[in-house]
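Throughout, read-outs are computed from the coordinates displayed, never taken from laboratory work. Predicted model, so just to flag it, every value in this text is computed and none were measured.
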Amino acid sequence: MEVPRTHVETVTAAGSDEEVQVRLGKWINNQRTRRHSLSEERERLLTELGMRW
């Protein structure tokens with residue numbers, strides 16, 4: 001999973017018309033930085049999604 005740290009996604013929550021900006025790049029970077037404190041399940045799920053550690 002290659003996502004630039006500055007990447008932002010605009011999403012609409014289910015049941016809402018309001019758009020929200022999600023700092024996806026920053027979130028992914030934080031997951032990589034905190035890898036050793038993630039639960040085994042979270043790490044496994046992210047790996048299955050193609051996370052590049």
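Per-structure values
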item: The chain: projected area of the alpha-carbon convex hull, averaged over directions, in nm²; result: 4.3 nm²
item: MRE, 222 nm, helices only [DSSP H, n ≥ 4, -39500 (n - 2.57), over the chain, to nearest 500]; result: -10500 deg cm²/dmol
